[in-house]
Each structure stands twice: as C-alpha cells, then as structure tokens.
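Each reported figure results from applying straightforward, stated rules to the coordinates on display, with no laboratory input. None of the values given here were measured: they were computed from a predicted structure. So basically every Cβ, Gly included, is an ideal-geometry build from the backbone, and we count neighbours across all protein chains shown.
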Amino acid sequence: MFNTFAYAAADTVRQIAAQTAAAAQESLFVTIMKGFSNLAVPIVLFVVIVLGFTKKVKVYETFISGAKEGFSVAVNIIPYLVAILVAIGMFRASGAMAYLTQILSPVTNLIGLPAEALPAALMRPLSGSGSLGIITELMTKHGPDSFIGRLASTFYGSTETTFYVIAVYFGSIGIRKTRHAIASGLIGDLAGLLMAVFICHVVFG
Amino acid sequence: MNYVWLILMVVALIVGAINGNLEAVTTAAVEYAEVAVDISLGLIGIMAFWLGIMKIAEEGGIIKILSRAIRPIAKFLFPEIPPDHPAIGTMLMNIIANWLGLSNAATPLGLKAMKDLQTLNKSEDTATNSMVMFLALNTASITIIPMTIIAVRAKLGSANPFEIISTSVFASTCATIAAVTAAKLLKRLPGIRKSNPNREPETPVEKGGNNV
C-alpha cells in the first residue's frame with residue numbers, strides 16, 4: 001500500500017521535473033527567437049543602407065523612387081480584397097457554416113477532429129480574424145489547455161489565411177486568372193489540419 | 001477563383017433566404033467592403049517604406065547576393081526563373097520575415113516579390129507557375145513563433161501558452177511540403193499546362209504521352 005503510494009509520488013515528481021525542464025528549455029528557445037525577431041528588421045535596415053552607401057547608391061533618392069510605388073500597390077489591391085472579403089462576410093452572415101459543419105462532421109469524426117473544432121478549421125483559410133474569434137471562443141469554453149484548445153491553437157498557428165493571401169498578392173499585380181493557386185493552397189491547408197490533428201493526438205492525446 | 005467566388009456568393013444568398021438572414025447578409029457585404037478598403041489603404045505607408053528599402057537593396061546588390069546564396073533550392077522550386085534574378089532574393093526575404101512572424105514586413109516584401117515575378121510573365125492577368133509556387137509557400141507559411149495565438153492562450157490563463165510551438169511548426173512544415181508538392185504536380189495537368197502564360201509555343205514533342 002505504502003509502496004504503491006511512494007511509487008506514484010515519485011512518478012509525479014519525475015513528471016513535474018521533466019515538465020519544468022521542458023518549460024525552461026522552451027522558454028530559453030522562445031527568448032532567443034523573440035530576440036532574433038526583434039533584431040531582424042533593424043539589422044536588415046542597417047545592412048541595406050550602409051552597404052548600399054558603400055556601393056555608391058544614392059540612398060535617399062533611391063528610397064524615394066522605390067517608395068513612390070507604395071500607393072499604387074495598395075490601391076491596386078482594393079477591388080480584389082473587396083470581392084473576396086465581401087463574399088466571405090456574406091457567407092458567414094448567412095449561417096451556411098452551420099450546414100457545412102453538419103455535412104462534414106461524420107468525416108471529421110473519423111479522423112479524430114472533434115466536431116466542436118470543425119467550424120474553426122473551416123474558417124481558417126477564409127478569414128484570419130474570423131477563425132481567431134471562433135478559436136478564442138472555443139478556448140474560453142473548453143480552456144486553452146484542453147485537447148480542443150491545443151488542437152485549435154496548433155492549426156491556427158500552422159497555416160495562413162489562404163484566400164486573403166491570394167487576393168492580396170495577386171491583386172497587387174493585377175492577376176485575375178489564378179490557375180492552380182487555390183487548389184495548391186487548400187491542399188496545403190488540408191494537410192496542415194490533418195497533421196495538426198495527428199501530432200496533437202500524439203503529443204497531447 | 002471564378003467558381004469559389006460564385007459558390008460563396010450564391011450559397012450565402014440562398015442559405016440567407018432560407019434562414020431569413022438576408023438583412024444580415026447584405027449588412028455584412030457593406031461592412032466587409034469597408035474592411036477591405038481599410039486593410040488596403042492601411043498598407044500604403046508600410047508598403048512605401050519597404051519598397052524604398054528594397055530599391056536600395058537591389059541597387060546595392062544585396063538582393064543578387066541573396067539570390068545566389070539559395071540557387072540550388074531556387075532551381076528546384078522555381079525552375080522557370082533565371083538564376084540571379086532579383087525575384088529570388090525578394091522571395092527569400094519574404095519567407096524569412098514569415099518565419100520570424102514579422103507580418104508588417106512580410107506582406108510588403110511578398111508584394112515586392114510578386115512585382116519582380118511579374119516581370120517574367122508574358123501575360124498581364126494570368127498567374128505563372130513560379131507565382132503559384134510562391135503563393136503555395138506563403139499560404140502554408142511556417143511561423144516559428146505564432147505570437148497571435150500565444151497571446152490569446154496566455155490571456156485565457158494557459159499553464160504553458162508556448163506549448164503549441166512545436167506542434168504548429170510540425171503541422172506547418174507538413175502543410176508546406178503538401179502545398180509545394182501540389183503546386184509542382186498540378187502544373188502538369190493538361191488544362192493547367194495550357195493556361196501557362198509562359199509556355200513554349202513550339203509544337204509539342206511529347207515526352208511520355210501517357211496522360212490518362
């Protein structure tokens with residue numbers, strides 16, 4: 001009796017120790033990465049300007065001539081972004097998401113994606129703020145450290161908002177025929193989702 | 001894109017009618033149109049800033065150095081782009097900015113890369129294979145620290161808001177591999193190949209001719 005208790009206690013201690021070690025390591029990694037992110041832009045700016053100057057580039061004039069195009073690029077994007085965001089906004093407001101969730105839930109149950117997380121997964125490629133809203137709601141309800149919370153966080157962190165990226169990037173140069181861009185992007189999103197489900201079952205399951 | 005847009009719009013209108021939500025649907029249209037303009041115009045300043053910096057980088061030869069540094073990978077992903085082309089250097093900068101989660105820099109750099117890619121495009125309005133590949137890399141982009149979601153987790157009282165970093169990096173690496181593979185394979189489909197604005201006009205000497 002006492003033995004079992006002692007073993008259990010020892011186990012718990014070992015687990016906690018392992019967890020703290022992992023947490024400490026991760027936070028060191030995070031600190032380094034954050035420092036790197038914060039320094040990246042200043043370093044790039046310094047190198048570009050100083051190296052440009054030593055190569056006899058007229059830095060100020062060159063900057064102005066490049067920056068001039070900023071306005072037209074931003075304005076070019078407007079029609080593309082209006083088209084896609086309006087369609088997505090209308091789709092969300094109509095309540096079609098609920099039907100889509102219903103139709104797809106038998107399939108997603110099979111692969112181990114909880115039904116509650118499905119709307120967030122479907123929203124991810126369509127709308128960044130929309131999916132973040134749904135995921136925040138999920139985590140408020142189930143807790144950020146629940147399986148659903150961790151899974152939703154993982155797939156939010158693992159892909160971009162495909163339709164937004166396509167509209168903005170192609171819009172900026174006036175490309176209307178996108179060929180296989182959407183298919184490739186969505187295949188990537190699907191793979192990201194499936195692998196998020198898989199790895200979360202392995203790591204947190 | 002035509003079908004995606006058509007389906008989103010038609011389904012929204014039909015389902016909205018069934019649910020008696022049509023008013024909300026039209027309100028959403030107006031709201032999101034404004035959001036789209038806000039986002040676009042919000043890009044002007046940061047866009048101008050990075051385009052200015054990138055112009056200096058180009059004339060100073062930095063972009064060329066970057067392009068040369070990743071020639072083997074670039075050759076695999078973007079066989080259509082001549083080596084040393086500035087587009088490769090700009091794309092590399094965009095992808096690194098994505099890794100580091102610098103979204104303020106990533107978008108302007110990405111748009112600059114699209115501009116550089118467009119110089120290699122023989123058409124005005126049709127995407128090239130290289131553009132699709134670049135977007136595949138971007139839509140599945142790897143972020144080493146997804147700060148947004150970590151901040152939300154921390155706010156909601158997570159014991160370890162960072163614990164999803166490793167799972168995210170794993171999932172996004174897989175997503176990237178899948179998207180790149182898809183872009184590589186899909187460009188061989190007959191319909192997609194035909195729409196390639198840069199395809200050689202010569203009469204095809206079929207390599208395999210075993211298309212099903």
Query raised in the report: Rounded to the nearest 20 Debye, what is the dipole magnitude of the protein assembly as shown about its Cα centre when Lys and Arg each give +1 and Asp and Glu each give -1 at the C-beta?
Result: 980 debye
Report task. Working from Cα positions, state the angle (0 to 90°, nearest 10) between the long axis of helix A:70-94 and the longest principal axis of chain A. Result -> 40 degrees
Query - Helix A:147-158 vs. chain A, principal-axis angle (Cα, 0 to 90°, nearest 10) - result: 20 degrees
Query raised in the report: For peptide A:30-39, how many partner chain Cβ atoms fall within 10 Å of a residue's Cβ, on average?
Result: 3
Query raised in the report: Once the Cα gyration tensor of the protein assembly as shown is diagonalised, what are the square roots of 5 times its eigenvalues, in whole Å and ordered largest first, as equivalent ellipsoid semi-axes?
Result: 37, 29, 23
**Report entry** Listed pairs A:Lys177/B:Lys122; A:Lys177/B:Lys64; A:Lys55/B:Lys55; A:Lys68/B:Lys115; B:Lys75/B:Lys187; B:Lys75/B:Lys184 exceeding 20 Å between Cα atoms
**Finding:** A:Lys177/B:Lys64
Query - Environment charge at B:Ala140 (Cβ cut-off 11 Å; Lys +1, Arg +1, Asp -1, Glu -1) - result: -2
**Report entry** Between helix A:181-203 and chain A: long-axis angle, C-alpha atoms, 0 to 90°, nearest 10
**Finding:** 30 degrees
Requested in this report: Rank by packing, highest mean first: peptides B:117-124, A:53-60, B:85-92, with packing defined as the count of other Cβ atoms within 10 Å averaged across residues.
Outcome: B:85-92, B:117-124, A:53-60
Report task. List the aspartates and glutamates whose Cα lies under 19 Å from the Cα of B:Lys194, skipping any in the same chain that are fewer than 8 positions away. Result -> B:Glu80, B:Glu124, B:Asp125, B:Glu202, B:Glu206
**Report entry** Residue (of B:Met147, B:Ala57, B:Ala178) at the positive-pole extreme of chain B, dipole from beta-carbon charges
**Finding:** B:Ala178
Query raised in the report: Sorted by mean Cβ packing within 10 Å, highest first, what order do the peptides B:69-76, B:40-47 take?
Result: B:40-47, B:69-76
Query raised in the report: Among the lysines, which fall within straight-line cross-link reach of A:Lys34, defined as a Cα-Cα distance under 20 Å, with same-chain neighbours fewer than 8 residues apart omitted?
Result: B:Lys155
Query raised in the report: Can you give me the Cα centroid spacing of the range B:95-122 and the range A:85-162 in angstrom?
Result: 28 Å
Query raised in the report: Given +1 on the Cβ of Lys and Arg, -1 on the Cβ of Asp and Glu, and no further charges, what dipole in debye does chain A carry about its Cα centre, rounded to the nearest 20?
Result: 720 debye
**Report entry** Electrostatic dipole magnitude of chain B [Cβ: Lys, Arg +1; Asp, Glu -1; Cα centre; debye, to 20]
**Finding:** 740 debye
